[in-house]
1. Among D190, D141, D163, what's the order by accessible area (1.4 angstrom probe), most exposed first?
2. Can you tell me which of I69, I89, I52 moves the most in a GNM of the chain? Springs connect C-alpha atoms under 10 Å apart.
3. Given the options A53, A160, A14, which has the most mean-square fluctuation in a GNM of the chain, springs set between C-alpha atoms less than 10 angstrom apart?
4. If the reach is capped at under 18 angstrom between alpha carbons, list the lysines near K159, excluding any in the same chain fewer than eight residues apart.
5. Sort M32, M61 from largest to smallest accessible area, using a 1.4 Å probe on the heavy atoms of the protein chains.
6. Can you pull the percent of segment 1-74's accessible area that's carbon plus sulfur, 1.4 Å probe, other chains left in place?
7. Considering only DSSP states other than H, G, I, E and B, which GluC sites (Glu not before Pro) in segment 143-208 qualify as loop sites with at most 12 other Cβ atoms within 10 Å?
8. Please report how far the C-alpha centroid of segment 109-156 lies from that of segment 1-47, rounded to the nearest whole angstrom.
Amino acid sequence: KYNLSPNVSFIKEATRSYGLDKVGIVGTPCQMQAVRKGQLYPIGLRDVPDKIALAIGIFCMENFPYQSIVQLVEDHANTKMENVVKMDIGKGKFWVYTERGAVIQVPLKVTHKYEQPGCHVCLDYVSSLADISTGSVGSPDGWSTVFIRTKKGNEVWSKAVADGMFETKPIEDVKPGLELLTKLAKEKIDKNRKTLEERRNFGVNKALRDPYA
Ligand code: SF4
């Protein structure tokens, strides 16, 4: 968790090398954008777009290249990655759990320099282009927040709920609820728009688009 995984490239492998007619993908908001772009402009993806049966996007504030997260763990949790059994981000901290039961908290402000720079111009926190987006933020511990965004997403979700695979509650009935999610999504947009603006002023605006402008 919390480093880059080339999920999108495996769609091509799954459909071409393994001949699958129907694939699902789970990914970050930027990967959902790549999937939709690939479906609209299937350059190098011939015969793949119609085989993407479901795209599930997660919430994402930032991400780390693998080498950076190894370094972060060594620098601030004073352990090697092979001793780590779980990592988490929550309550303003980066949490590292080791196999010997130690729990190390690292303040998020020291983790920023390890993040991948592309995340600092990313404006989507909630996978707006997915069929279904989900993440833990907004829901109590042990629950997930789920947004159904498309007809296809709704078909899959309704059937799964009808089959008893998920227990659901309206988000209005739980704490911290939509308020926290909205706050974090807005914080990401505001913070990263500043970086976009800095880069624009620096003269590298050509490849960067701000959909909220
Ligand atoms: S912050 Fe944006 S660019 Fe970075 S991994 Fe998450 S969705 Fe992708």
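1. Details: D190 65, D141 140, D163 95 Å².
The ranking, largest first, comes out as D141, D163, D190.
2. Taking springs between Cα atoms under 10 Å, the residue moving most is I89.
3. So, out of A53, A160, A14, the one fluctuating most is A160.
4. Cα-Cα hits under 18 Å: K22, K151, K169.
5. Ranked from most to least accessible, the order is M61, M32.
6. Percent of accessible area from carbon and sulfur atoms in segment 1-74: 58.
7. Counting only loop positions with at most 12 other Cβ atoms within 10 Å, the GluC sites (Glu not before Pro) in segment 143-208 are E167.
8. After rounding, the separation between the Cα centres reads 17 Å.
The values are calculated or read from the model by the stated rules, or taken from the named source; none is laboratory data. Remember, it's a predicted structure, so these values are computed and weren't measured experimentally. Methodologically, a virtual Cβ is constructed for each residue, glycine included, from the backbone with ideal geometry; neighbour enumeration extends over all protein chains shown. Accessible surface areas use protein heavy atoms only, side chains included; no ligands, DNA or RNA. Shrake-Rupley method; radii C 1.70, N 1.55, O 1.52, S 1.80 Å.
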